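> Sending over a structure as structure tokens; questions will come in a sec.
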Amino acid sequence: MKQTEGKIGIREYTAIIMLSVGTKLTDDTPTVLFNSAKNSAWISLILIALLSIVPIWFLVKVFSVHQDKNLHDLNVYLFGKVLGHIISVGMLAFGFSALVLDSAIYVDIISSMYFTKTPSIAIYVVLVIVCGYGAKRGLQHIGSTAWLTLFYLKITLLFALAFAFYKGNTKLIFPLWGPGYWEIVKTAGSKMSIFADFYYLGIIAPMIDSFKSFKKGAFVAFAVVVPEILLALMIYVMLFDFTSIEVISYPFHEMILYISIGFLTNVETFFLPFWLVAAFVRFAFYFYLVLILFGAIFKIKEYEYLVPVISILVIFLGVFPKSAAFTIPGLREWMLTILSPMFFLLPCFMWLIAKVRGDFKNETSAQKN
Amino acid sequence: MKHQLKKIKLLLALPFLIILTGCWDQTGLDDQVFVIGIGMDKAEEKGKINITYLIANPEVGSSTQASANNEEAMMTVTIQASDFISMRNNANSVIAREISYDLLRVILVSEELAKEEEFIRYLYTSEKDREIKRNVHLVVTKEKAEEFFKKNSPKFLSRPHKFYENMIGRAIQVGIVPNSELHQFFRITEEDANAFLAIYATSDIEKEKNKYRISENDAVAGNVKIKGETNNSQFLGAAVFLEGKMIGKMTGVENRIVMLLNDTSDVSDILTVVPDPFDEDYQLTVRITKRQNTEVVMDVNSKPPRIHATLPLTIDVLTDPSMSNPVEDKEKIEEVKKSFERFLEEKAMKVVTKTQEEFKVEPFGWSLYARKEFKTLREYMDFDWMKTYPDMKIDVDINLRFGKFGKQPKTPSYEGIRD
């Protein structure tokens, strides 16, 4: 286990979150929001962001007194052996489904937008091999890859959004409240789990060099990712309008197919590699989270040997649905909806139990001493 | 031992080289032909259309001249097909290589097909194909698209992709044709509130003398007499689409007015003529530029709803054929300004009335301003912009400012020279 022994610093850690949450604006997450919140999806996102601060803050608070534990240890410690394990297994199930469904969507994007003749399974195999390899190398490698590529990825993304903004029309955002206040709030409530990644960060909490980095990194990344997705949602509406936005499956890719930079018309080939690198980092990280959690629950020390098994599982489950283009987005939306209350409530409960147990008192008195 | 392990590892990495070739989608440039334009015409059979490919020969006009000196720069193929996508294979019975839409620039539709209800079914297949980009321009041709492709033979720019790119790009800049990207077509058609304008073109030039129009651009393609040995096709004016179906035409000048009033257009270089207020025999050439966005004030609650649009224009007066030197005289300038404003307002109102009475739908993008007046989509939909538009009270104001008066503002007086 020597490869995963080392800890990562705040830079790598923040870069990982920014890439794994930031890339959500390029898959079908915007479409999920547009489906019900229409052109006001960005208002929903503001609500989601405000709501998400609560669980993230509680989570950080709980970890402040249990700095040596990861999320699974903490679950067992706070909820007891049986319930703690159930919660952890549930988390594993959701984490694994997220890995399968999200990767299936990425494969669908690649095979329907870029490599139309390549069989999906071939793309899937390549994607999973790359990400599985990344996960096997461990958090340090994922972190340094993320940090190395972060600025290139964000700058190209900014470029794409800027050109799209120039092509779009700001008036298309109106009517401001789109489908009505209630729909906006409902969307925010049911889809707030798009930031559930922050909850899963607890799994790697002890692998970050200090608790201060863990806390600061999470909030810095959050403060970057929210405006980024917000901007993207608004620009998609400005470019495609509320009617087309519902029928377009992957607005980001439709956008880079449409824009042209000066005399260069087919610029999607320029953005594609950057996007792919971000996707690799994201799935390597998800893969790693699943590995660690699995290892922790079933007490498997050498969890890198799980990589081939999980890879094969991911591929088979991913290509299993008969018509992936319809079933996968439906399943994903369904998962987001179920995960939302859990993402909101679990950290609150954790904090509550910790409070009742008096964990925070020890901390404050320890600090005083 | 360690050495050997390294070798084995290297061997294991070798299969990854296969991945580098780009899997199944790898195609060499040599194995593809590039379609620059697609033409759509009505077919006899229901559910089918005649599709024409305009295919560029990449070897003509490039630096590898030696190999292809005598080959044609382009060719056309017409086959009856159900859509653009199946056509790819149908065409392979005569074309030796794989057909690629990567460089597609224009989709041409004959006026005949554009006026059909069915037309939209065929055009929407282009949204499904990944290679057909949303920045392809839609052009309506008076004759069959197939004929247009055949007759259109530019004297220079024989490479077709350059021709269409430059021809359309320039015509949009000067405002005689609209910017008709497919993206706008889809957006406007789906929003269901405005009219979409497509480029109008033809190579079928009127032969009868009385069918020519007087003013240079106040005509649609085919009605302007141009002598000389130039290209025999014209791009001028606009085809008006309502709900994905062509319902009328606009002349080049009318299109310019629409482009000026509509903020989303990028018309940047308008030279036109305005009657000279001092001598009715002559006309002043002016350059019109838009200072800023059109200011639109509307009252959607009054019955009928009211729109007041103010168009801020800067006008450079470039000629002075009556040689009356308005620059020197404040009163004269004021008079010129008033007459210009009156003239332009009249012209603009004429277009507005035409859209209200003839088309019953507006191409100015004013519904976008109206959106701000509503809180939710439902309220906006219930208002039903398209139904209300013909009854609205609209007036257009021109807020005019003078820019330059040519390179040299003053001219000697006519009488001074002639005495």
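Every number here is computed from the coordinates shown, using simple stated rules; none is lab data. Just so it is clear, the model here is predicted, and its values are computed rather than measured. Ideal geometry is used to build each Cβ from the backbone, glycine not excepted, and the neighbour counts take in all protein chains shown.
> List the extent of the Cα atoms of chain A along each of their three principal axes, largest first, rounded to whole Å.
Principal extents (largest minus smallest coordinate, Cα): 64, 44, 37 Å.
> Can you check what the net charge comes to around A:LYS355, using other residues whose Cβ is under 10 Å from the Cβ of A:LYS355 (Lys, Arg +1; Asp, Glu -1)? Write down the numbers at each step before the final one.
Working: positive: A:LYS61, A:ARG357, A:LYS361; negative: A:ASP359.
After counting each charged neighbour, the total is +2.
> Which shape class, rounded, prolate or oblate, goes with the stretch B:147-296 when its Cα gyration tensor gives a ≥ b ≥ c as root eigenvalues, a/c under 1.5 marks rounded, and past that a/b bigger than b/c marks prolate? Show your work: numbers first, answer last.
Working: a/c = 1.55, a/b = 1.02, b/c = 1.52.
Because a/c hits 1.5 or more and a/b fails to exceed b/c, the stretch B:147-296 counts as oblate.
> On a 0 to 90° scale, report how tilted helix B:252-261 is relative to the longest principal axis of chain B, with both axes built from alpha carbons and the result rounded to the nearest 10.
That works out to roughly 90 degrees.
> Moving on. Evaluate the charge dipole of the stretch B:269-419 about its Cα centre and quote only its size in Debye, nearest 20, assuming +1 on the Cβ of each Lys and Arg and -1 on the Cβ of each Asp and Glu.
On the way: 25 positive and 29 negative charges, 153 e Å.
Computed charge dipole of the stretch B:269-419: roughly 740 debye.
> Rounded to the nearest 0.05, what FRET efficiency do B:ASP316 and A:PHE165 have when you use their Cβ-Cβ distance and R0 = 30 Å?
On the way: r = 31 Å, r/R0 = 1.03.
In this case the efficiency is close to 0.45.
> Given charges of +1 on the Cβ of Lys and Arg and -1 on the Cβ of Asp and Glu, with all other atoms neutral, how large is the dipole of the protein assembly as shown about its Cα centre, in debye to the nearest 20?
Rounded to the nearest 20 debye, it is 3480 debye.
> Helix A:324-357 versus the longest principal axis of chain A: what is the Cα-based angle in degrees, 0 to 90, to the nearest 10?
30 degrees
> Give the order of A:VAL237, A:VAL356, B:VAL253, A:VAL89 when sorted by the count of other beta carbons within 10 angstrom, beginning with the fewest. Write down the numbers at each step before the final one.
Numbers: A:VAL237 27, A:VAL356 9, B:VAL253 23, A:VAL89 16.
Listing A:VAL237, A:VAL356, B:VAL253, A:VAL89 from fewest to most nearby Cβ atoms yields A:VAL356, A:VAL89, B:VAL253, A:VAL237.
> Over the stretch A:107-176, what number does the Rg to Rh ratio reach, with both radii from the alpha-carbon atoms and Rh per Kirkwood? Walk me through the numbers on the way to the answer.
Working: Rg = 17.7 Å, Rh = 15.4 Å.
That ratio equals 1.15.
> Which whole number gives the average count of other chain Cβ atoms within 10 Å of the Cβ atoms across peptide A:170-183? Before the final figure, lay out each step's value.
Numbers: counts 1, 9, 5, 2, 10, 12, 5, 6, 5, 3, 5, 2, 0, 2.
Shielding by partners across A:170-183 averages 5.
> Same structure, new question: Percentage of Cα-Cα pair distances in the stretch B:269-419 greater than 24 Å, rounded to whole percent? Don't skip to the end; give the middle numbers.
Numbers: 5132 of 11325 pairs.
Above the 24 Å cut-off, the stretch B:269-419 has 45 percent of its Cα pairs.
> Taking neighbour counts of Cβ atoms within 10 Å as a proxy for exposure, in what order, fewest first, do A:TYR181, A:TYR106 appear? Let's see the in-between values first.
On the way: A:TYR181 13, A:TYR106 26.
So the residues, fewest neighbours to most, are A:TYR181, A:TYR106.
> As a test, work out the antiparallel percent of DSSP beta bridges whose residues both lie in chain B, rounded to the nearest 5. Intermediate values should be presented prior to the final figure.
Working: 44 of 70 bridges.
The answer is about 65 percent antiparallel.
> Please arrange A:CYS131, A:CYS348 by counting, for each residue, the other beta carbons lying within 10 Å of its beta carbon, fewest first. Spell out each step's value before the answer.
Numbers: A:CYS131 27, A:CYS348 15.
Fewest-to-most ranking of A:CYS131, A:CYS348: A:CYS348, A:CYS131.
> Based on the alpha-carbon gyration tensor of the stretch A:94-236 and its eigenvalue square roots a ≥ b ≥ c, which shape applies: rounded if a/c is under 1.5, prolate if not and a/b is larger than b/c, or oblate? Display every interim value, and only then the final one.
Values: a/c = 1.61, a/b = 1.22, b/c = 1.32.
Because a/c hits 1.5 or more and a/b fails to exceed b/c, the stretch A:94-236 counts as oblate.
> How large is ³J(HN,Hα), in whole Hz, for each residue of the stretch A:223-228 in order, when computed from phi with the Karplus curve 6.51 cos²θ - 1.76 cosθ + 1.60 and θ = phi - 60°, using x for Gly and Pro?
Per-residue couplings from phi come out as 5, 8, 5, 4, x, 5 Hz.
> Over chain B, consider all pairs of different Cα atoms and compute the Kirkwood hydrodynamic radius from their mean reciprocal separation; express it in Å, one decimal.
By the Kirkwood definition, the hydrodynamic radius is 24.6 Å.
> Which whole-number percent gives the relative contact order of chain B, counting Cα pairs below 8 Å spaced six or more residues apart? Each step should come with its number before you reach the end.
On the way: 775 pairs, mean separation 49.5, N = 419.
Computed value for chain B: 12 percent relative contact order.
> I've got another one for you. In peptide A:112-123, what is the residue-averaged number of other protein chain Cβ atoms found within 10 Å of each Cβ?
Working: counts 2, 1, 2, 6, 5, 5, 5, 2, 0, 0, 3, 2.
Counting Cβ atoms of other protein chains within 10 Å of each residue's Cβ and averaging gives 3.
> Between the stretch A:25-86 and the stretch B:102-153, what is the C-alpha centre distance in whole Å?
Cα centroid to Cα centroid, the span is 49 Å.
> Something else about it: In deg cm²/dmol, rounded to 500, what helix-only [θ] at 222 nm does chain A give when every DSSP H run of at least 4 residues adds -39500 (n - 2.57) and the total is split over its residues? Write out the running numbers ahead of the final one.
Details: 16 runs with 282 residues, N = 369.
The helix-only estimate for chain A comes to -26000 deg cm²/dmol at 222 nm.
> In percent, how large is the relative contact order of the stretch A:2-359, given Cα pairs closer than 8 Å and 6 or more residues apart? Intermediate values should be presented prior to the final figure.
On the way: 462 pairs, mean separation 146.3, N = 358.
Once divided by the residue count of the stretch A:2-359, the mean separation gives 41 percent.
> For the stretch A:27-141, just the Cα atoms, rotate onto the principal axes and tell me the three extents in Å, largest first.
The principal-axis extents, from largest down, are 52, 40, 28 Å.
> Quick one: net charge around A:SER210, please, counting Lys, Arg +1 and Asp, Glu -1 for every other residue with C-beta under 11 Å from its C-beta.
On the way: positive: A:LYS7, A:LYS212, A:LYS215, A:LYS216; negative: A:ASP209.
Once positives and negatives cancel, what remains is +3.
> Can you check what the net charge comes to around A:TYR250, using other residues whose Cβ is under 9 Å from the Cβ of A:TYR250 (Lys, Arg +1; Asp, Glu -1)?
On the way: positive: none; negative: A:ASP27, A:ASP28, A:ASP108, A:GLU254.
Local charge sum for A:TYR250: -4.
> Find the relative contact order for the stretch A:131-242 and round it to a whole percent, using C-alpha pairs within less than 8 Å whose residues are 6+ positions apart.
On the way: 33 pairs, mean separation 54.5, N = 112.
Result for the stretch A:131-242 is 49 percent.
> Any chance you could tell me what percent of the C-alpha pair distances in the stretch A:159-219 go past 12 Å? It would help to have the intermediate numbers written out before the result.
Working: 1437 of 1830 pairs.
Roughly 79 percent, rounded to a whole number.
> What is the P(r) of the stretch B:31-257, as percent of Cα-Cα pairs per 5 Å bin from 0?
1, 7, 14, 20, 20, 16, 11, 7, 3, 1, 0
> Sort the stretch B:86-187 into rounded, prolate or oblate with this rule: let a ≥ b ≥ c be the square roots of the eigenvalues of the Cα gyration tensor; rounded if a/c is under 1.5, and if a/c is not under 1.5, prolate when a/b is larger than b/c, oblate otherwise.
Working: a/c = 1.40, a/b = 1.12, b/c = 1.26.
Taking the square roots of the gyration eigenvalues as a ≥ b ≥ c, the stretch B:86-187 is rounded.
> Within 10 Å of each candidate Cβ there may be at most 15 other Cβ atoms; applying that plus a DSSP loop requirement, which chymotrypsin sites (Phe, Trp or Tyr not before Pro) in the stretch B:125-215 survive? Intermediate results must be reported in sequence, preceding the final value.
Working: sites: B:PHE148, B:PHE149, B:PHE156, B:PHE163, B:TYR164, B:PHE185, B:PHE186, B:PHE196, B:TYR200, B:TYR212; in loops: B:PHE156, B:TYR212.
Qualifying residues, ordered by number: B:PHE156, B:TYR212.
> Turning to a different aspect of this structure: Report, largest value first, the span of the C-alpha coordinates of the stretch A:251-335 along each principal axis, in whole Å.
Principal axes ranked by extent give 57, 28, 19 Å for the Cα atoms.
> Please compute the modelled spin-label separation between A:VAL309 and B:ILE120, points set 7 Å along Cα→Cβ, answer in nm with one decimal.
Result for the modelled spin labels: 5.6 nm.
> Just to confirm the number: angle between the C-alpha axis of helix A:139-167 and the first principal axis of chain A, 0 to 90 degrees, nearest 10?
For A:139-167 against chain A, the angle is about 30 degrees.
> What longest range of chain A stays clear of loop-exposed trypsin sites (Lys or Arg not before Pro) (DSSP non-H/G/I/E/B, at most 14 other C-beta within 10 angstrom)? Before the final figure, lay out each step's value.
Working: sites that count: A:LYS117, A:LYS299, A:LYS301, A:LYS322.
For trypsin sites (Lys or Arg not before Pro) (loop position, at most 14 other Cβ atoms within 10 Å), the longest site-free span of chain A is A:118-298.
> Now for a different question. At what distance in angstrom do the alpha carbon centres of the stretch A:258-312 and the stretch B:281-302 lie from each other?
Taking the Cα centre of the stretch B:281-302 as reference, the centre of the stretch A:258-312 is 53 Å away.
> Still on this structure, please answer the following. So for the protein assembly as shown, considering every pair of alpha-carbon atoms, how many percent are separated by more than 44 Å? Don't skip to the end; give the middle numbers.
Working: 124583 of 310078 pairs.
For the protein assembly as shown, the share of Cα pairs beyond 44 Å comes to 40 percent.
> Quick one: dipole size for the stretch A:2-359, taken about the Cα centre, charges +1 on Lys/Arg Cβ and -1 on Asp/Glu Cβ, in debye to the nearest 20. All intermediate terms of the calculation are to be shown ahead of the outcome.
Numbers: 26 positive and 20 negative charges, 139 e Å.
Using only the charged Cβ atoms, the result is roughly 660 debye.
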